[in-house]
Amino acid sequence: MDTTQPNGKIFMQRLNYYWQSIAIYAVALVLYAVLKGTIQQGSLSVSVNDPLALLLLAFVIGSGIGLLFALYIRRSVIIGHDFITFRNRHIEKKLNINDITRIRLARERRDETGAYRIVSITTKLRRRPFRLRPAGFDNEKEMIMEILRLKKSLPLR
């Protein structure tokens with residue numbers, strides 16, 4: 001979800017990965033329980049001490065906790081005409097264009113999850129650059145276009 005506001009465009013963190021992993025692990029757990037369980041007198045009994053069932057249950061619970069944490073934190077990036085803001089529930093870090101020394105977009109890399117780019121933002125304020133992965137946010141193509149627009153408006157040094 002991206003929203004245009006007078007102070008910039010808001011890009012929210014994607015949570016698709018959490019939903020997909022919960023669904024896949026839950027389906028695997030149910031299928032394993034049906035295949036491994038015993039049916040006696042019309043009822044299904046599953047062994048609670050089965051290590052694979054416990055492992056799948058731990059993955060479902062872990063993914064659920066990760067989703068709840070991501071929903072609680074609510075990470076977002078706001079890109080305006082002359083600033084970029086990294087925001088979550090507790091912290092908001094605003095970088096004005098005068099504080100940014102360089103914006104670098106790495107080439108598109110491919111791995112098992114697909115293609116992605118990493119944006120590195122070097123500032124006067126920190127020794128290490130800020131790193132941003134647009135694929136982790138809604139509407140990544142528009143986000144990359146906004147970052148490129150911001151890069152073009154950087155003062156020459």
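Descriptive notes on the structure:
- One chain, two ends: ALA135 and HIS90. Fully extended at 0.36 nm per residue, the span grows by 13.9 nm beyond their Cα-Cα distance.
- Computed over the chain, the per-residue total of -39500 (n - 2.57) for DSSP H runs of n ≥ 4 gives a 222 nm mean residue ellipticity of -12500 deg cm²/dmol, rounded to 500.
- Using θ = phi - 60° and Karplus 6.51 cos²θ - 1.76 cosθ + 1.60, couplings along the stretch 66-78 (whole Hz; Gly, Pro as x): x, 5, 4, 5, 5, 5, 5, 6, 6, 6, 8, 10, 10
- In Hz, Karplus ³J(HN,Hα) per residue of the stretch 85-101 (6.51, -1.76, 1.60; θ = phi - 60°; x = Gly, Pro): 10, 9, 9, 9, 4, 9, 10, 10, 10, 9, 10, 6, 5, 6, 7, 8, 9
- Pairwise label distance in nanometres, ASP82 with ALA58, each label 7 Å out on the Cα-Cβ vector: 5.4 nm
- Per the Debye formula on identical point scatterers at the alpha carbon atoms of the chain, with no solvent, log10 I(q)/I(0) at q = 0.08 Å⁻¹ is -0.37.
The numbers here are math on the coordinates, done by the rules we state, and not lab data. Note that this is a predicted model, so its numbers are computed, not measured. With ideal geometry, Cβ positions are generated from the backbone for all residues, glycine too; neighbour counts draw on all protein chains shown.
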